[in-house]
1. Take the residues of the range 29-65 that are closer than 29 Å to Ser112 by Cβ and among the charged types (D, E, K, R): which is nearest to the chain's Cα centre (by Cα)?
2. Can you work out which of the residues in the range 175-193 that are within 22 Å of the chain's Cα centre (by Cα) and of a type outside the set (A, V, I, L, M) is nearest to Leu22 (Cα to Cα)?
3. Test Gly60 against the criterion of being surrounded by 14 or more Cβ atoms within 10 Å (Cβ to Cβ), of a type outside the set (Asp, Glu) and modelled with pLDDT under 95, and give yes or no.
4. How many of the residues making up the range 194-227 are part of a strand (DSSP E or B) and closer than 21 Å to Ser21 by Cα?
5. So which of Thr68, Thr72, Thr93 ends up being under 20 Å from the mean Cα position of the chain (by Cα) and over 20 Å from Thr210 (Cβ atoms)?
6. Given the criteria under 20 Å from Gly129 (Cβ atoms) and modelled with pLDDT under 95, does Gly102 qualify?
7. May I ask you to verify whether Ser143 is among the polar types (S, T, N, Q), touching a strand residue (DSSP E or B) at 6+ places or on another chain (Cβ under 9 Å), closer than 20 Å to Ser16 by Cα and surrounded by fewer than 22 Cβ atoms within 10 Å (Cβ to Cβ)?
8. Of the residues Ser77, Ser86, which single one is surrounded by 16 or more Cβ atoms within 10 Å (Cβ to Cβ) and either at pLDDT 95 or above or over 16 Å from Val58 (Cα atoms) (or both)?
Amino acid sequence: MTLTISLSPATLSALSSGGFSLYAFRSVESSNRSGAPLVWQRFARYTATTTVTVGDQVYGYDSTDPITVNGTVRIGSSTGSPVVVSQVLTVDTIGTISVANGGPPDTILFDSTAEQRYTCGLAAPLDSGNQVPYCAFDLYAMSVPVAPLRAVFVMFATSVYDPGTYMATSLAQGLYVDFADADAHSVAFDMTTGWSAGSAAWAKVVAPNTSMQGVLIRVPPHNRPKY
């Protein structure tokens, strides 16, 4: 998936001189309400035509870091290989994750035999190859379903947040882009008028100070089993 962002020379100059970073977040669906969105990427440098590439490969991880607003979640153990829906990821007493097939057909299911709390979620690689967690959930003895969505949220802001950090509310106007029906989209950002994608149904402008959990942790509709 590729998102191309166009900036006019005046906007590029204003963003650069103002110290703005471009943030990218990824989205999931889960019926578990403990979910928190984490910063996936922060771009301190960008150009008049900037591309954000969102790969389909995701990894399961666990961590002993708690989920706190403005706190960073670091990967403790990872699946090592990409995971897909219908797989069950079980965390044992020392935090090792085992992967098995045969789970629910439309989600990735985290289970635990650890008898203690862990944080769990999905991570995605950067261009460097390093995995970065982009969502976090409390994992106890109950299962946690997490389904990756083909979507990305982008936003310019001056505050500096590290990848893997829980940002509770949007710091500025942002744009949620859905890739359900396409692998590439193009949008524009203007320093005066904000984000634009024409009248495209796949893009939604998000106001400043909006709950990031509400934007990025999608809740499935009623009468759909999500454990």
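1. Glu29
2. Quick first cut of the range 175-193, residues within 22 Å of the chain's Cα centre (by Cα) only: 175-189.
Within this subset, residues satisfying the condition of being of a type outside the set (A, V, I, L, M) are 176, 178-179, 181, 183, 185-186, 189.
On the way: Tyr176: 14, Asp178: 18, Phe179: 19, Asp181: 25, Asp183: 21, His185: 17, Ser186: 16, Phe189: 11 Å.
Checked the range 175-193; the qualifying residue nearest to Leu22 (Cα to Cα) is Phe189.
3. Values: surrounded by 14 or more Cβ atoms within 10 Å (Cβ to Cβ): yes; of a type outside the set (Asp, Glu): yes; modelled with pLDDT under 95: no.
Against the criterion (surrounded by 14 or more Cβ atoms within 10 Å (Cβ to Cβ), of a type outside the set (Asp, Glu) and modelled with pLDDT under 95), Gly60 does not qualify.
4. Looking only at the range 194-227, we keep the residues that are part of a strand (DSSP E or B), and these are 194-197, 199, 203-206, 211, 217-218.
Next, only the ones that are closer than 21 Å to Ser21 by Cα stay: 194-197, 203-206, 211.
Residues meeting the conditions: 9.
5. Working: Thr68 fails: over 20 Å from Thr210 (Cβ atoms); Thr93 fails: under 20 Å from the mean Cα position of the chain (by Cα).
From the options Thr68, Thr72, Thr93, the qualifying one is Thr72.
6. Numbers: under 20 Å from Gly129 (Cβ atoms): no; modelled with pLDDT under 95: yes.
Against the criterion (under 20 Å from Gly129 (Cβ atoms) and modelled with pLDDT under 95), Gly102 does not qualify.
7. The answer is no for Ser143.
8. Unique residue meeting the criteria: Ser77.
The values are calculated or read from the model by the stated rules, or taken from the named source; none is laboratory data. Worth saying up front: this structure is predicted, and the values here are computed from it rather than measured. Reconstructed Cβ throughout: ideal geometry from the backbone, glycine too, with neighbour counts over all protein chains shown.
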